[in-house]
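The structure under discussion appears below in the form of structure tokens.
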Amino acid sequence: MKETRRWIWPLFMASALLLSGIAAQLFATSATAIDALEARRLAVLEEVRQGRNTAVSYGTLTTLEAYLADAKHVFSRDADYVKRTVATVDEVLSAAERHEDVLSQRRRFFWRGYNSRFSVRPLLYSIYVPDDYDPQTPIPLVVSLHGGSSNHNVWLALNLGNNIATQDYWASFRKPFAARAHPKYIVVSPDGLGQIRWRFSGEQDVFDVMEDVAANYNIDPSRIHLTGLSNGGIGAYTVGLKHAWKFASVLPMAGVTNWLTHHEATARHRPEERVILRNESAITWAENAHNTHLAFFHGVRDSGFKVHQARDLAASLKALDIRHAYSELSGRGHDIMSVLWRDLKIDKYIRTHVRKEAPERVRLVTASDRAQRQFWLQVDERVSHVDTAHLDGQRVDPHTLRIVTSNVARFTVRLDTCPIQSPMRIYVDEQLVYEGDMPPSASVVFNSRFVPTFAPLVPGAATPLRPAPLWRQWDNVLPTPGTVKVSRLSGPLHDAQYEAQVHVYGTLVPDETDDLMKAAYRGARGWVMAQDYTDIRFPVIADKDLSWDLIANRVLVLYGNAANNAVLKGIGEKLPIQVGNNEIRMRGKKVAGQHVGARFICPNPLMPNRYLVVVAGATPKAVLDSINLPIYLADYIVYNAQTVQKKAFMVLGGRPEIETGFFTQDWQLPAAP
């Protein structure tokens, strides 16, 4: 036996080394093949740019770039996928070199790529194009959002009739699937930047993918429908109600409508957290469904996302007198995809519902600068940026509009999409504010004659609104950038997640650079602890490499303090929370404690019309531990080691903070609590 072991072991090791050598050679070959394909892609791209190849679209070349980037990302983990990808790219490039665009002619189930502001490399989505698609004929589009533990590929495969066990989702992310059902419309499944529940950048990703699809296919804008299950149901609710005017129907399944009553966020709520959770809850936006067909579905036995979430929304819609259809499934749990996708039951919604073009009455509610329009009404500025704003406009006769406002400082009436004729009269809060013919701009903008002066905001306190604001046509005067809160420069912290960013770590103290760089890389992935859960990949650079081009075009996210980050050394004293040498000061006083940190948002002193996000700490560890802060934060939080000793999910719960809150209207700290 010992003799046998003596010769088997060397043989085993030799075989293992041989196999590993072969594997390494294969991977090296794959990497070389990918590089060669990228060189060919760039050559075709140059031909297209110079007008020497008019057959190939930029969309096709971006898709090939995304294929190759994804193959590089996983080539050491999934050899079969890399082999398929290399073959596909070679096929499409060979045709492109012959001035043929075979990807544009592809039908059924495949992937496309697009450039995203949220990633340093192009991203992918799944799409189904019917066999009889005619580029000359507008076609409906269904946008279908995946749930947790799924991705764009798995979800579209499920929609199109494939059976995949839940436990096999992760292993199937890049597995090839064929369509087993064949709808007569285009279906697209975005990835939403991974497992972030379609919030913030995930919300924007839906529209980025829709824009890419519309750029490459003849989509009928009046027949775009939105659906999703579980986390995708959350996305369908929130995206669909925030932006209801863009969809013919919104069809959520098994989602969450109210974060304030959801078990993952039912810990003790600070006043600031109640504001954020309310504003991010679909139920807050219910009034926007006035002109959009909303049908939603929930299983009574759903143990994760409780059925009261759907029931509460249905009750709110009824109270608002909003027509809707709620289907409660008594014997079902969480996985209820079949209510829409088995035998393509979703077809009836696609055939029946068309987006309204010019409704006579528009009701608009908004709690976000990123969702300000419904049809012909648009909120341009809220009085209080932490409270909801409302517009209710109605055509009372062919020449007259009456509009009622709440918490609105400035708004636009888009007359080109409004069912009104010249001569026209517009009343706002019972005041006649416009009388005459259609203006050349086809829109009119109104603002309050006197904007209220804000005391420091105390969340939950009464908003200092006049009972009857006076209105006039806007004179195009805006405040000096960075001096007061304005639309898309008003916080809270997550508002920066809708924009392109650059994350900058300090290098002035070499011994601290590694921790600051690690913190920056975590932040550049959206502060998501499980890095495989997200495709957010903002660029990360050292402070010495920051350029004016980046400052002008991106949200600047700084890590460190004035002693170790060159940028904070220059601007740290100009911020509403001062960042000094290894210290943080509030209202002129140093915050006591060894591991004190702060994360806050404010206008960038170097570019006042852009956000600045600061992740500061008296120590590098305090900066690094900011990854443990929760998702939903106000404008600022100052914390210590107790706050961030373990990961918080949605809210702080019982973790003590030093101070958190909203800055005042002029971007200053409120009075000391």
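Just so you know, all these numbers are worked out from the coordinates, no wet-lab data involved. For clarity, every value in this text was computed on a predicted model and none was experimentally measured. Neighbour counts run over all protein chains shown; Cβ positions are idealised from the backbone, glycine included.
So here's what we get for this one:
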{"read-out": "In sequence order, calculated HN-Hα J values of segment 102-114 (Karplus, 6.51, -1.76, 1.60; Hz; x Gly/Pro)", "value": "6, 5, 5, 8, 5, 10, 6, 9, 7, 10, 10, x, 8"}
{"read-out": "Relative contact order computed over the chain (Cα-Cα under 8 Å; 6+ residues apart), in percent", "value": "9"}
{"read-out": "Value at 222 nm in deg cm²/dmol, rounded to 500, when DSSP H runs of n ≥ 4 in the chain each add -39,500 (n - 2.57)", "value": "-8500 deg cm²/dmol"}
{"read-out": "Order of Val354, Val56 under a 10 Å beta carbon neighbour criterion, fewest first", "value": "Val354, Val56"}
{"read-out": "Charge-dipole axis of segment 493-661 as Lys and Arg at +1 and Asp and Glu at -1 on Cβ define it, positive-most pick from Ile658, Ala622, Ala566", "value": "Ile658"}
{"read-out": "Charged-residue dipole, Cβ positions (Lys, Arg, Asp, Glu), segment 493-661 about Cα centre, Debye nearest 20", "value": "320"}
{"read-out": "Packing-based ranking, highest mean first, of 469-475, 59-65, 246-252 given that Cβ atoms within 10 Å are counted", "value": "246-252, 59-65, 469-475"}
{"read-out": "Rg ratio (alpha-carbon, reference 2.2 N^0.38 Å) - the chain", "value": "1.03"}
{"read-out": "Rounded to the nearest 20 debye, dipole of segment 239-333 from Cβ charges on Lys, Arg, Asp, Glu", "value": "60"}
{"read-out": "Separation of alpha-carbon centers, segment 609-673 and segment 83-131, rounded to whole Å", "value": "42"}
{"read-out": "Relative contact order %, segment 38-161, counting alpha carbon pairs below 8 Å whose residues are six or more apart", "value": "22"}
{"read-out": "Among 188-195, 656-663, 127-134, the order from most to least packed when residues are scored by Cβ within 10 Å on average", "value": "188-195, 656-663, 127-134"}
{"read-out": "Relative contact order computed over segment 493-661 (Cα-Cα under 8 Å; 6+ residues apart), in percent", "value": "21"}
{"read-out": "Given charges at beta-carbon only (K, R positive; D, E negative), |dipole| of the chain in Debye", "value": "1180"}
